[in-house]
């Protein structure tokens, strides 16, 4: 549940900061910031705090659960940082979208047994769909922004595409 709260809170705070002029960026950049916060949180959990729980989530049919958790955690951290840079945001969103789909069997595996309601398959699936919708939105919106600004140099600043 913490990742969903993180997505909503960070995206909302960035939108609010933008409305009050504290930061200058387009609204779609707030979602990139929220997603970056989520995947820094979840990617970090692959190494600190929840590693053993995540290893246990790997379906038994898959080999080398520790290695899979390390690889997916590294990918999440790298893509979280990639979301913050305009030039890599689109590819990072695409990789994260693929990861969400590929890692879904781990959510199915973890939803069995005696778990709290938020860890059951229905809520896990709903939250996964929210994250997938957010990553696909960044992929699509950032693709349109890049196509709309063809001929201009992409921004190198964090969360890119500043208003003038």
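A single member of 55, 101 is touching a residue at least 12 places away in the same chain (Cβ under 8 Å) and within 19 Å of residue 140 (Cα to Cα), and it is 101.
Out of 106, 126, report the one residue that is part of a helix (DSSP H, G or I), more than 28 Å from residue 12 (Cα to Cα) and at pLDDT below 95. Show your work before the answer.
Values: 126 fails: more than 28 Å from residue 12 (Cα to Cα).
Among 106, 126, only 106 is part of a helix (DSSP H, G or I), more than 28 Å from residue 12 (Cα to Cα) and at pLDDT below 95.
Taking segment 138-152, which residues are modelled with pLDDT of 85 or more and crowded, with 16+ Cβ neighbours inside 10 Å? Scanning segment 138-152 gives 138, 139, 141. Picking from 55, 115, which residue would you name as being over 12 Å from the mean Cα position of the chain (by Cα), in a loop (DSSP other than H, G, I, E, B) and either over 21 Å from residue 6 (Cα atoms) or at pLDDT 95 or above (or both)? Among 55, 115, only 115 is over 12 Å from the mean Cα position of the chain (by Cα), in a loop (DSSP other than H, G, I, E, B) and either over 21 Å from residue 6 (Cα atoms) or at pLDDT 95 or above (or both). Please go through (1) farther than 20 Å from residue 132 by Cβ; (2) in contact with a helix residue (DSSP H, G or I) (Cβ under 9 Å, 6 or more places away or on another chain); (3) modelled with pLDDT of 90 or more for residue 63 and return the number of the only condition it doesn't satisfy. With (1) farther than 20 Å from residue 132 by Cβ; (2) in contact with a helix residue (DSSP H, G or I) (Cβ under 9 Å, 6 or more places away or on another chain); (3) modelled with pLDDT of 90 or more applied to residue 63, the lone miss is (2). Here's a check for you: in segment 74-87, which residue that is over 20 Å from residue 46 (Cα atoms) and buried (at least 17 other Cβ atoms within 10 Å of the Cβ) is modelled with the lowest pLDDT? Per the criteria, the residue is 86. Of all residues in segment 12-43, those satisfying the criterion of being more than 12 Å from the chain's Cα centre (by Cα) and either within 30 Å of residue 115 (Cα to Cα) or not in a helix (DSSP H, G or I) (or both) are 12, 20, 21, 22, 23, 24, 25, 26.
Of everything listed in (1) out of contact with any helix residue (DSSP H, G or I) (no Cβ under 8 Å at 6 or more places or on another chain); (2) crowded, with 19+ Cβ neighbours inside 10 Å, the single unmet condition for residue 11 is (1).
The values are calculated or read from the model by the stated rules, or taken from the named source; none is laboratory data. Just so it is clear, the structure is predicted and the values come from calculations on it, not from any experiment. Heads up, the Cβs are rebuilt from the backbone with ideal geometry, glycines too, and the neighbour counts pull from every protein chain shown.
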